[in-house]
Amino acid sequence: MDDLTMDLVRLCQRNRDGSYGTQNNRRRGLAAMATDLAELGYKLPSAGSLKPKHVDALVERWLDHDTTDASVRNRLTWLRWWAEKVNKPNVVNRDNAAYGVAERGEVTRNRAQALDPVKHGAIECPYIQTSVSLQAAFGLRREEAMKFQPQAAIRADHIALQASWTKGGRARSVPITTLEQRQVLQEAVRLIPGRGSLIPAQMTYVEQLKRFEYQTLKAGLRNTHGLRHAYAQQRYRVLTGQPCPLAGGKRWADMSASERAADRAARLKISAELGHGRLKITDTYLGSAF
């Protein structure tokens, strides 16, 4: 058990707020956060070391793993409890919407985010800048965009993502359908002319991840996961000819039979392109079909 986990356990033992079930869930949730932070490269010596950058890193990780809004809300509640007990209540924003998370009662929140060219241009590291471009152009997760190897991935009409780059170790392909996508790939090849990834050879994944977080936040890009949502919604419009429900399109009840068939086919295709194991997850990106 590392120092942070031990300190969080002691914090829970000293503060027995709520029922036994509430306490138990909170303790397990906080322990899981300590593990997440360690895997993200943050070795906090104590619970009192919590900072806003740690909260942002955790939320980005959860969203990148397609955690439901309800689950993220629960985790943010535990994070706020943690922050209050170490006298740092302002470390965690009181508004869930600040993290792109729907409030209770909302079906979901539209997290789609267009890539701001000014903010994108303000990113100092060309490797990070290109990784962000890949997130926007192909809907890649952050880790996938960082581990992307141009020479290994690029095909004539698609990119082939290797299992070692993806969540759950599931290899997949994403089609190349636009000039913008080809321009992004050309930039990646220019930057990495030989074999290699968008993580500089002298750096580890964790080191580059921390630099990614710092530079994107400094440039004003708080949560690049929104680029993945924008990709999904753009693909839905291309495949169906209309915006998705979450972007103001028709609800299922208002669709004709042919529109419902197109909606279903688009969701299946987009789900495969995003690397989802369950079709239901597309509701977070596109809005509920029902």
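The values are calculated or read from the model by the stated rules, or taken from the named source; none is laboratory data. If you're wondering where the values come from, they're calculated on a predicted model, not measured in any experiment. Every residue, glycine as well, gets a Cβ built from its backbone with ideal geometry; the counts of neighbours run over all protein chains shown. With ligands, DNA and RNA removed, areas are computed over all heavy atoms of the protein, side chains included. Shrake-Rupley method; radii C 1.70, N 1.55, O 1.52, S 1.80 Å.
Show the residues, 5+ positions off or on another chain, whose built amide H is closer than 5 Å to the amide H of R172.
L161
For K250 paired with V86, estimate the spin-label separation in nm (one decimal), with each label point 7 Å from Cα along the Cα-to-Cβ line.
5.2
Please list, in order along the stretch 219-227, the HN-Hα scalar couplings obtained from phi with the Karplus expression 6.51 cos²θ - 1.76 cosθ + 1.60 (θ = phi - 60°), rounded to whole Hz, x for Gly and Pro.
Taking θ as phi minus 60°, the curve returns 7, x, 9, 5, 9, 6, 5, x, 5 Hz for the stretch 219-227.
Residues of the stretch 162-199 with amide nitrogen under 18 Å from the 7 Å Cα-to-Cβ point of L268?
173-175
Taking only protein heavy atoms and a 1.4 Å probe, what accessible area per residue, in Å², does the stretch 3-99 have with all protein chains in place?
46
Please find the FRET efficiency linking R155 to A122, where r is the Cβ-Cβ separation and R0 is fixed at 35 Å, and quote it to the nearest 0.05.
According to the calculation, E is roughly 0.65.
Taking Cα pairs under 8 Å and at least six residues apart, what relative contact order does the stretch 90-166 come out at, in percent?
15
Taking the structure as given and computing Rg and Dmax of the Cα atoms in Å, which label from (i) 18.1, 54; (ii) 23.4, 72; (iii) 20.1, 60 fits?
After the calculation, the listed value that fits is (iii).
Amide H to amide H under 5 Å from I154: which residues, 5+ apart in sequence or cross-chain, H placed 1.01 Å off N in plane?
A160
Report the charge-dipole magnitude of the stretch 3-99 in Debye, nearest 20, computed about the Cα centre from +1 at each Lys and Arg Cβ and -1 at each Asp and Glu Cβ. If you can, show how the numbers build up before the last one.
Values: 16 positive and 12 negative charges, 100 e Å.
It comes to approximately 480 debye.
Pairs of alpha-carbon atoms within less than 8 angstrom and 6+ residues apart define the contacts here; what relative contact order does the stretch 227-286 have, in percent?
This gives 40 percent for the stretch 227-286.
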